[in-house]
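Written out below as structure tokens is the structure these notes cover.
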Amino acid sequence: MPTSTLLTVSNVTKRFGGLVALNDVSFEVKEKEIVGIIGPNGAGKTTLFNVITGFYHPDSGRVIFDGVDITKFRPDQICALGLTRTFQLVKPFKDLTVFENVLIGAMLKKSKAAAVEKAEKVLKDLNLQRLRDVQVKNIPVAERKIVEAARALATEPKMLLLDEVAAGLNPAESMKVLETLRKVRDQGVTLCLVEHVMRFIMGISERILVLDRGVKIAEGLPSEIASNESVIQAYLGVKYA
Ligand SMILES: Nc1ncnc2c1ncn2[C@@H]1O[C@H](COP(=O)(O)OP(=O)(O)O)[C@@H](O)[C@H]1O
Ligand SMILES: [Mg+2]
């Protein structure tokens, strides 16, 4: 069965004054794929997510999602097409409960009753039921990221971009998130993840892109990336075992 391309980033350049945060970056993501993006701090990973989801517009290049040129779209228009993201620095509504946060996501596309049902289901899928009625300001930052992922998933995206969702989690917690994300993909959601925890990204990604100073320096299977000389020099430092 042929798999079709869901996201195409072609020749994207983004400058901040004299700094080239993204330099002629191109790649594709296929439907139901899990793609990881790694690179040192300041490599341009978050900027790439910001450009894809309309928070910044590129200086040149194009972003095509599901056959639509979204290069100049606003974040809400892009979200309505089924492409959404989480933030590296979490931005939940802190005074609202976990359930209410997820409900806000669900209500984007659904009536109240259907949204309640959807929110409950997402909480269950992500094992967040025990935190259902807790105000988000009262849960640890690491778990707020999972709440963000839940809120994003409640919008029923075709594709979800996750920015350092496992940061701050202990190994057992990140294993749980990893399992959950596999389930999410199996339900049909295409995933693109930025992550610093090597074991996490190598364990879940089917393909990995490496950014360094705004340039895509490598792309391949996790095993290829782990033994790629320029990646090791730029980032891994020592060979990832
Ligand atoms: N809004 C902005 N204004 C100016 N510079 C920015 C802005 N956002 C990011 N940058 C710069 O762009 C580069 C890439 O940043 P970022 O995409 O956050 O990297 P990463 O997520 O890979 O750590 C960095 O040098 C950062 O300082
Ligand atoms: Mg970042």
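The values are calculated or read from the model by the stated rules, or taken from the named source; none is laboratory data. Nothing here was measured: the structure is a model prediction, and the numbers come from that model. Glycine gets a Cβ as well: all are built from the backbone with ideal geometry, and neighbour counts include every protein chain shown.
One table, with the values for the structure above:
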quantity: Given (1) within 25 Å of VAL9 (Cα to Cα); (2) within 16 Å of ligand 2 (Cβ to nearest atom), number of the condition ASN228 does not satisfy; calculated: (2)
quantity: Residue tally, condition at pLDDT 90 or above and part of a loop (DSSP other than H, G, I, E, B), over segment 94-109; calculated: 3
quantity: Whichever residue in segment 133-173 is charged (D, E, K, R) and in contact with a Ser or Thr (Cβ under 7 Å, 6 or more places away or on another chain) and, among such residues, is farthest from ligand 1 (Cβ to nearest atom); calculated: ASP133
quantity: Output for segment 36-64, where each listed residue is closer than 18 Å to THR86 by Cα, buried (at least 23 other Cβ atoms within 10 Å of the Cβ) and away from ligand 2 (no atom under 16 Å from the Cβ); calculated: none
quantity: So LYS14, is it touching a helix residue (DSSP H, G or I) at 6+ places or on another chain (Cβ under 7 Å) and either surrounded by 23 or more Cβ atoms within 10 Å (Cβ to Cβ) or assigned to a strand (DSSP E or B) (or both); calculated: yes
quantity: Residue tally, condition outside any loop (DSSP other than H, G, I, E, B) and either within 8 Å of ligand 1 (Cβ to nearest atom) or modelled with pLDDT under 95 (or both), over segment 33-43; calculated: 1
quantity: Among residues of segment 115-151, those that are buried (at least 23 other Cβ atoms within 10 Å of the Cβ) and either assigned by TED's automatic domain parsing to the domain that holds GLY168 or of a type in the set (D, E, K, R) (or both), counted; calculated: 3
quantity: Filtered residues of segment 44-93 (kept if aromatic (Phe, Trp, Tyr), away from ligand 1 (no atom under 16 Å from the Cβ) and in a loop (DSSP other than H, G, I, E, B)); calculated: PHE73, PHE93
quantity: Pairs with Cβ under 6 Å, 6+ apart, first in segment 73-91 and not assigned by TED's automatic domain parsing to the domain that holds ILE146, second at pLDDT 95 or above and surrounded by fewer than 16 Cβ atoms within 10 Å (Cβ to Cβ); calculated: PRO75/PHE55
quantity: Only one of GLN129, GLN77, GLN88 that is under 18 Å from the mean Cα position of the chain (by Cα), more than 16 Å from ligand 2 (Cβ to nearest atom) and polar (S, T, N, Q); calculated: GLN77
quantity: Flag for ALA106 being among the hydrophobic types (A, V, I, L, M, F, W, C), more than 16 Å from ligand 2 (Cβ to nearest atom) and free of Cβ contacts under 8 Å to residues at least 12 places away in the same chain; calculated: no
